[in-house]
Amino acid sequence: MAGKIKELNADAWKSEVLGGGKVVVDFYSTECPPCEALASKFTALSELYGNDLKFVKVFRQGNRELSEELGVSSSPTLLYFENGNEIADRQTGGIKRSAIVENLDKMVGPELAAGIHNSIKTFTTEYDVAVLGGGPAGLTAATYLGQAHLKTVIIDIALTGGYMSTTHQVSNYPGFIEPQPGFMLAHYMSEQTKGAGVDFRPAVDVSSIDLVKKEILIDSVETIKANKIIIATGSSPRPLGVPGEVEYGGNGISYCATCDAKYFEDKDVIVIGGGNSAIEESLFIAKFAKSITIIHQFAELQANKQAQEEIFNNKKINILFEHEPREFIKNGSMDMSVVVEDLKSKERKTLNTNGIFVFVGFLPNLTGFPETLKKDQFGYLVTDEDMLTNLPDIYAAGDIRTKKFRQITTAVSDGTIAAIAISRELS
C-alpha cells in the first residue's frame, strides 16, 4: 500500500487504534467514488504526517461487525483517535484535503504543523484541456476530449455529477426507459468519462484561477496548466437559509418542475416564490397536482401579468401572500411539512404537503473567476455558438452560460459542442 499506511482488520483494532497514540482511520469500501477521491489525499498526507501520526485503513465491507459497533454507516469515513478516544468530528463523503489537514495540524500541534507545511513541495501538471466542473456538461465535454486523445482533467470542488447527482429521479434523459436516480446517472456518466482516459481531481479546493496563463491551483499544492479551459461549474439554487433546506434538497424539496412534477399526480404541493419562474412552473405543476399552495413574501406577485391571470383563474392554486418559510420538515416518503410565518402578525403555522418546489432563482457558480469574463444581466457567462467566451481559449458549457433552458440534455449539448470545437483546434 502506497504511503505510510497500514491496513487493519477487526482483530488488530484494539492494539493498533485503541492501544494508544494518535491514529487517523479511513473506513473505505470498493466501488466507491468518494473513497477513490479520498485515497490519493490520504496517501499524500500520510507521507507528510506519517512520522508523527499513525495512518490506517479499514475495509468496511470486510469488517462489518466493527463498522456497526462504531456506528460507521457510510464510506469513506475518517475517524481521529488519541489514546483510544475519538478527538474530532467524523468526516464522510467528498472529504477535502483542507478539512483533513485542519484536524491533522491540531493532532501534531502548531510547531510540528508549521514544519510540515514548510516541507510541502508544490508541482505542476500539464494538460491539453482542463474542465472546471464535473456535472453533465463537464463530463460530456471531457468524454469527447478523452476519446479524441487529448489529455484532459476534470476539476471539481465536490464529487462529480453536479446538481444532477442530488436529483431524486431523472425520467426524461434519452436512452433510459425507466426513471434513473440522479446519483446513478451521474455514476454512469463518470464511469464513461474515466473509460475515455480522463483524469479527475474531485472534492478539491480551487485556490486560484488564472485564465490568462490558463493555470488553476488546487489545494494550494498542484498547479494544473492547460492549453484550453472549459468552465462548466453550473449554477446553484439561491439559498433561503431555512432549516431543512440542505438536508432535504432532492429528497422532498425540488427545484425543477420539468424533472419532478410528474411524480405528484393527484398530490398536494407547496411552491415557494412569486416571480416568473415560480408562477410559470406552478402552472406546469398544476397539470399533475391535486392542489398547490404558493408561499410568497410580498403582497403582490412579481410575475408577468398573463401568468398572474392564469394563476388566479386556476382553482387548484391558492396563494399565501406575505408569508415566508421558516423550516422544512420531512415526515416520511412524500410527506413533508413547512413551517410558515405571517410577516404581518408574526404568527407561525405548519402546512402539510406531499412535496415542496422552490423557485426563488439560481446563482451562477463563478466564485474565484476574474471579472474580465463577459456576463449577461443575471451574471451568467456569454459565449458564441462554439461555447467560446470573450477570453481566448476559455469556453463555457452548461448551466453556467446564458441560455433559455437549463436541463441535463442542454448541458450535455453544450459540452459536446465545446469539446468538438476544441478538438478541431488541438488535433
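The values are calculated or read from the model by the stated rules, or taken from the named source; none is laboratory data. A quick note: this is a predicted structure, and the numbers were derived from the prediction, not measured. FYI the Cβ positions are ideal-geometry reconstructions off the backbone, even for glycines, and counts take in every protein chain you see. Remember, those area values only see protein heavy atoms, side chains included, never the ligands or the DNA or RNA. Shrake-Rupley method; radii C 1.70, N 1.55, O 1.52, S 1.80 Å.
Heavy-atom accessible area per residue, segment 200-333, 1.4 Å probe: how many Å²? Spell out each step's value before the answer.
Numbers: 6150 Å² over 134 residues.
Here the residues of segment 200-333 average 46 Å² of exposed surface.
At 1.4 Å probe size, with the rest of the protein present, what percent of the exposed accessible area of the chain is carbon and sulfur atoms?
50 percent
Could you report the accessible area of TYR163 in Å², rounded to 10, computed with a 1.4 Å probe on the protein chains as they sit in the structure?
90 Å²
By average Cβ neighbour count within 10 Å, what is the ranking of 64-74, 50-60 from highest down?
Ranking, from highest mean packing down: 50-60, 64-74.
Would you mind working out the accessible area per residue for segment 385-426, using a 1.4 Å probe, and quoting it in Å²?
On the way: 1940 Å² over 42 residues.
Accessible area per residue: 46 Å².
Please compute the length gained on full extension between LYS374 and ASN172, using 0.36 nm multiplied by the number of residues separating them and subtracting their Cα-Cα distance.
That works out to 69.5 nm of additional length.
Which residue, GLU324, GLU347, GLU16, tops the fluctuation ranking in a GNM of the chain built on C-alpha contacts under 10 Å?
For the chain, modelled as a Gaussian network with Cα springs under 10 Å, the answer is GLU347.
Going by a ≥ b ≥ c, the root eigenvalues of the Cα gyration tensor, does segment 142-234 fall in the rounded group (a/c under 1.5), the prolate group (a/b larger than b/c) or the oblate group?
Prolate shape, in that a/c is at least 1.5 and a/b is the bigger ratio.
Put HIS323, HIS149 in order of accessible area, largest first, 1.4 Å probe: what do you get?
The residues order as HIS149, HIS323, largest area first.
Just for segment 183-325, what percent of DSSP beta bridges are antiparallel, to the closest 5?
Antiparallel: roughly 45 percent of the beta bridges in segment 183-325.
When the solvent-accessible surface of protein heavy atoms is calculated with a 1.4 angstrom probe, in what order do PHE284, PHE369, PHE357 fall, highest first?
Descending accessible area places them as PHE284, PHE369, PHE357.
Per residue, what accessible area does segment 21-60 have, given a 1.4 Å probe and all protein chains present, in Å²?
Details: 1440 Å² over 40 residues.
I get 36 Å² per residue for this part.
Can you pull the accessible area of ASP376 for me, 1.4 Å probe, Å² to the nearest 10?
Roughly 30 Å² of ASP376 is accessible to a 1.4 Å probe.
What shape does segment 28-82 take by its C-alpha gyration tensor, where a ≥ b ≥ c are the square roots of the eigenvalues and a/c under 1.5 counts as rounded, a/b above b/c as prolate, and the rest as oblate? Mind dumping the intermediate values first?
Numbers: a/c = 2.58, a/b = 1.37, b/c = 1.88.
Oblate, since a/c reaches 1.5 and b/c is not below a/b.
Could you tell me which of the pairs LYS54/LYS194; LYS57/LYS121; LYS316/LYS403; LYS194/LYS225; LYS267/LYS344; LYS14/LYS57 are separated by over 22 angstrom between their Cα atoms in the structure shown?
LYS54/LYS194; LYS57/LYS121; LYS316/LYS403; LYS267/LYS344
Give, in whole angstrom and from largest to smallest, the semi-axes √(5λ) of the equivalent ellipsoid of segment 209-361, with λ running over the eigenvalues of the Cα gyration tensor.
Each semi-axis is the square root of five times an eigenvalue, giving 35, 18, 16 Å.
Tell me the volume per residue, in Å³, of the convex hull enclosing the alpha carbons of the chain.
Taking the convex hull of the Cα positions in the chain, it is 176 Å³ per residue.
Compute the distribution of all C-alpha to C-alpha distances in segment 260-331, in bins of 5 Å from 0, and list the percent of pairs in each, rounded to whole numbers.
4, 17, 29, 25, 17, 6, 1, 0
Not counting ligands, DNA or RNA, and with a 1.4 Å probe, what is LEU388's accessible surface area in Å² rounded to the nearest 10?
50 Å²
Where in the chain are the DSSP H helices whose C-alpha atoms run 15 Å or more along the long axis and whose mean Kyte hydropathy is at least 0.0?
Helices meeting the span and hydropathy rule in the chain are 33-49, 97-108, 136-147, 408-426.
Can you pull out the cysteines in the chain that have no other Cys Cβ under 4.7 Å?
Singleton cysteines: none in the chain.
With every protein chain kept in the model, how would you rank THR416, THR402 by accessible area, 1.4 Å probe, largest at the top?
THR402, THR416
Among DSSP bridges having both ends in the chain, what percentage is antiparallel? Round to the nearest 5.
On the way: 39 of 85 bridges.
Taking every DSSP beta bridge within the chain, about 45 percent pair in antiparallel fashion.
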